[in-house]
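> Submitted below is the structure of interest, expressed as structure tokens.
Read the figures in this text as sums done on the coordinates, not as results from a lab. Because the structure is predicted, anything quoted here is derived from the model rather than measured. As a convention, Cβ positions derive from the backbone with ideal geometry for all residues, glycine included, and neighbour counts pool all protein chains shown.
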Amino acid sequence: MGKRVFWFAVGVGLTAVVVLKGKELFERFTPKGVADQVGRAQRSLAKGVGDFLENLSQAMEEREAEIKEAIDWSDEPAGQ
């Protein structure tokens, strides 16, 4: 009798897991779920591009300062 109760409980537990995971999977492929995934991907891409452009701008400013220092460039007009 103990084995039957154990295996019954295992079956109930597995069924619950399969049903919950199946529901999540089903909801992921509904139009709303796909739209949510696309929105998340879009936000992630926008953040990545923004970070890239910020790093690029910072690197350009640093390199410009290095070049100006190397050629002894000043931002002041030549006559002053």
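> Using 7 Å Cα-to-Cβ label points, what is the F26/N55 separation (nm, one decimal)?
The modelled label-to-label distance comes out at 4.3 nm.
> Mean residue ellipticity at 222 nm from the helices of the chain, using -39,500 (n - 2.57) per DSSP H segment of n ≥ 4 over the full residue count, to the nearest 500 deg cm²/dmol? Mind dumping the intermediate values first?
Numbers: 2 runs with 67 residues, N = 80.
Per the formula, -30500 deg cm²/dmol.
> Okay, moving on. So how strong a dipole does the chain carry about its Cα centre when Lys and Arg Cβ are +1 and Asp and Glu Cβ are -1, to the nearest 20 debye? Write out the running numbers ahead of the final one.
Values: 11 positive and 13 negative charges, 359 e Å.
Using Cβ point charges on Lys, Arg, Asp and Glu, the chain gives about 1720 debye.
> Which label marks the calculated value of log10 I(q)/I(0) by the Debye sum over Cα atoms at q = 0.11, 0.17, 0.25 Å⁻¹, given the options [x] -0.36, -0.75, -1.15; [y] -0.65, -0.86, -1.08; [z] -0.60, -0.85, -1.21?
Correct label, based on the coordinates given: [y].
> Over the C-alpha atoms of the range 1-42, what are the Rg and the largest Cα-to-Cα span, Dmax, in Å?
Cα-based Rg and Dmax for the range 1-42 come out at 16.9, 56 Å.
> If I fit a long axis through the Cα atoms of helix 2-28 and take the longest principal axis of the Cα atoms of the chain, what angle between them do I get, 0 to 90°, rounded to 10?
On a 0 to 90 degree scale, this one is about 40.
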